[in-house]
Amino acid sequence: MKSRPTVIFFLLIQVLSPVLLTAQQLTATEIVRKTDEKLNGEMTGYSVMSMTIIRPTWQRTVEFRSWSREDDYALTLITAPAREKGQTFLKRKNEMWSWNPSINRLIKLPPSMMSQGWMGSDYTNDDILRESSVVEDYTHTIEGEEEIDGRMCYKIRLLAKEDAGVLWGRQLWWVDKKEFIALKAELFDEDGMLVRTEYGKELKTLDGRLLPTIIELIPAENPGNKTVLRIIELKFNIKLEESFFSQQNMKTVR
């Protein structure tokens, strides 16, 4: 099952509910699947977030809302700052578009744009639109256990399959053993070079689920650069029809 596209980046991917470890040892793939399903295993979802882009000499904050349905549909609306308010992003299966009301222009995003930064941040369009699947596009191996922020974690290696169209050749995840929450991740390119590190912080209960409410992304090659995502609201299994995810609705959703 592919990850359901949302603007929630992979460190927010969690299990459906806290799971007690049984005597049977979980495989690495089962751990990744449980971690994937907490957020992406529902039919529909809605989120309100802010994203602060931090650079050595400046910073700015983007606020947005996002709706999603199953694996194939997502719509994101920028609500601030004023100069970008009303801009939207849409995914319908394998097709993606952006709408900019200031120039009244609808643009289809080609696959070559998936590696570009979203809204000038350190996140890519692929992170936002979730084109790839951490379950289906990677093989998984348990490399050991380590403690992160006082929580014992599985250390999981994700290696991209040869035929997978993914940005990251390899990933390392540190997944909380009790709650199946990814507290840290390192993402590497196809040449094995570290590109960025992500941290999940400030765990809180949102719509009945324990989740990190702050995600920090730190690029490896740009000292002083950081992107901080703050989750303000999450809702699951809301009423949301497939027809909501249309090019027309990109221009009118509020």
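The values are calculated or read from the model by the stated rules, or taken from the named source; none is laboratory data. Quick caveat: nothing in here was measured; it's all calculated off a predicted structure. Every residue, glycine among them, receives a Cβ derived from its backbone with ideal geometry; neighbour counts consider all protein chains shown.
Remarks
- Taking the numbered list (1) among the small types (Gly, Ala, Ser); (2) within 23 Å of PRO110 (Cα to Cα); (3) in contact with a Gly (Cβ under 9 Å, 6 or more places away or on another chain) in turn, GLY165 passes all entries but (3).
- Pairs with Cβ under 7 Å, 6+ apart, first in segment 205-216 and free of Cβ contacts under 8 Å to residues at least 40 places away in the same chain, second aromatic (Phe, Trp, Tyr): ASP207/PHE236; GLU216/TYR199
- Qualifying residue in segment 42-58 (condition: out of contact with any strand residue (DSSP E or B) (no Cβ under 8 Å at 6 or more places or on another chain), over 26 Å from LEU210 (Cβ atoms) and free of Cβ contacts under 8 Å to residues at least 12 places away in the same chain): yes
- Residue in segment 228-250 that is among the β-branched types (Val, Ile, Thr) and more than 25 Å from SER98 (Cα to Cα) present: no
- Among residues of segment 166-182 that are of a type in the set (Asp, Glu), those with a beta-carbon under 8 Å from a residue that is assigned to a loop (DSSP other than H, G, I, E, B) and buried (at least 22 other Cβ atoms within 10 Å of the Cβ) at least six positions away or on a different chain give the pairs GLU179/VAL15.
- Residue that is surrounded by the most Cβ atoms within 10 Å (Cβ to Cβ), among those in segment 71-87 that are of a type in the set (Val, Ile, Thr) and closer than 17 Å to ASP127 by Cβ: THR76
- Residue that is in contact with a Pro (Cβ under 6 Å, 6 or more places away or on another chain) and surrounded by 18 or more Cβ atoms within 10 Å (Cβ to Cβ), where the choices are ARG209, ARG196: ARG196
- Residue among LYS204, LYS184 that is in contact with a Ser or Thr (Cβ under 6 Å, 6 or more places away or on another chain) and in a strand (DSSP E or B): LYS204
- Flag if LEU39 is closer than 20 Å to GLU242 by Cα, in a helix (DSSP H, G or I) and modelled with pLDDT under 70: yes
- Residue satisfying all of: in segment 95-135; at pLDDT 90 or above and of a type in the set (Gly, Ala, Ser); surrounded by the fewest Cβ atoms within 10 Å (Cβ to Cβ) among these: SER102
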